[in-house]
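Heads up: the structure comes next, in structure tokens.
Since every read-out is calculated from the coordinates, none of them should be taken as a lab result. Quantities reported herein were computed from a predicted structural model and do not represent experimental measurements. For neighbour counting, all protein chains shown are included, and Cβ atoms are generated from backbone atoms with ideal geometry for every residue, glycine included.
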Amino acid sequence: MLDSTPAPLAIEVRGLKKTFPVRTRGAVPKPTPADPGQDGASASPPGQPPTPPPKQSRRGAFVEAVSGIDLDVPHGQVFAFLGPNGAGKTTTLRILTTLLPATSGTAKVAGFDVTTQQRQVRRNIGYVGQLGGTDLDHATGRENLVLAARLYGLRKRDALTRAAELLEGFDLTALADQETSTYSGGQRRRLDVALGMVGQPSVLFLDEPSTGLDPQNRMNLWDQVRRLRAAGTTVFLTTHYLDEADALADNVAIMDHGQIIARGTPAELKARTGSTTLDDVFLTLTGRVLRDTESQEVRS
Ligand SMILES: Nc1ncnc2c1ncn2[C@@H]1O[C@H](COP(=O)(O)OP(=O)(O)O)[C@@H](O)[C@H]1O
Ligand SMILES: [Mg+2]
């Protein structure tokens, strides 16, 4: 039998939408001219991401965090999902990793449907959340990795071998037997990514992997991501650092207020908007400076 169907995409998203109910006591506040919110966004408390204006349905007020997006990510690429705080990046990532149900639309990851084939999706992915995965502060890096490997069903011996490989691969061997509470931000982040790779996923999701890292640790993390790509892993990362997308990504989608406003290779996006940097691309597309939103970054 002739098989002319192309290899399935690593990630395929169609019309994905997510709404959250807005829980308010009394009436939904309407934006007023005094509100600091821009572009129709309602006011947010200082330090909070800008919140899209709530909409009304018969079931009450809701916020549309993801507004019916499409995405195609080929295997083996680094794909950067770019946008300011509150754009809907984390919500999208949580749907793609089966942590959150979509309101409507479909998404396939590694060929499996995130709604009807959750187990298969989970078996094929790694996920490093925005706040990191190392939650055992009094355990060592090695113990964290061995525990994660055991949770994946590896026998003790195999778990130890896998942990040693990952410690080596992420330049953590020298720190392997220290408690993670003694690690620097960069070292912890490397351990987080190593934890995401324990199950040898074909698709790795990283939510803002370099937020809060100093330049040298960011470069180091970028090297790790490039190594993962060289080994065949698809890496889907969110960032609001445009230079990160520029330096790392094969393809980029720019998200703003729940919608994808541009996509392509960094070079295509720059050429299309006549910009020299991705920062200029965002400014040209939205009239806003993406960097302004960085000062609102909250890390709880
Ligand atoms: N659990 C939730 N309940 C209500 N609103 C939410 C929830 N999670 C996210 N949101 C809202 O959805 C929008 C997108 O958030 P998020 O996906 O975290 O954006 P990003 O990761 O791009 O900063 C924001 O307006 C946010 O306030
Ligand atoms: Mg986020």
| request: Would you mind pulling out the separation of the Cα centroids of segment 124-196 and segment 231-256, in Å? | output: 23
| message | Using the Cα centre of segment 170-264 as the reference point, and only Cβ charges (+1 on K/R, -1 on D/E), how large is the resulting charge dipole? Debye, rounded to the nearest 20. | response | 240
| field | Positive dipole terminus of segment 167-300, leading residue within Val289, Pro266, Gln187 (C-beta point charges) | value | Pro266
| Proximal charge balance of Asp177 [Cβ under 11 Å; K/R count +1, D/E count -1] | -1
| request: With a/c under 1.5 counting as rounded, go ahead and sort segment 150-300 into rounded, prolate or oblate using the C-alpha gyration tensor (a ≥ b ≥ c being the square roots of the eigenvalues; past the cut-off, prolate if a/b is larger than b/c, else oblate). | output: prolate
| Cα centroid of segment 271-292 to Cα centroid of segment 70-102, whole Å | 21
| task | Obtain the nm distance between the two label points defined at Ser104 and Tyr152 by a simple spin-label model: each point lies 7 Å from its Cα along the Cα-to-C-beta direction. | result | 3.8
| With the Cα gyration tensor of segment 172-254 giving a ≥ b ≥ c as the square roots of its eigenvalues, does the rule (a/c under 1.5 for rounded; else a/b larger than b/c for prolate; else oblate) give rounded, prolate or oblate? | oblate
| remark: segment 53-205: antiparallel bridges as % of DSSP beta bridges, rounded to 5, reads 65
| task | Provide the net charge surrounding Ala163, with neighbours chosen by a C-beta distance below 9 Å and charges set as Lys +1, Arg +1, Asp -1, Glu -1. | result | 0
| said: For a 25 Å ceiling on Cα separation, which of these pairs sit above it: Lys17/Lys108; Lys17/Lys270; Lys108/Lys156; Lys89/Lys270; Lys18/Lys270? | reply: Lys17/Lys270; Lys108/Lys156; Lys18/Lys270
| request: List every residue whose amide H lies under 5 Å from the amide H of Leu204, counting only residues 5 or more places away in sequence or on a different chain, with H placed 1.01 Å from N in the peptide plane. | output: Gly126, Thr234, Val235, Phe236
| field | Cα centre as origin, Lys/Arg/Asp/Glu Cβ charges: segment 113-195 dipole, Debye | value | 380
| message | Run through segment 135-205 and list the trypsin sites (Lys or Arg not before Pro) located in a DSSP loop whose Cβ has at most 12 other Cβ atoms within 10 Å. | response | Arg155
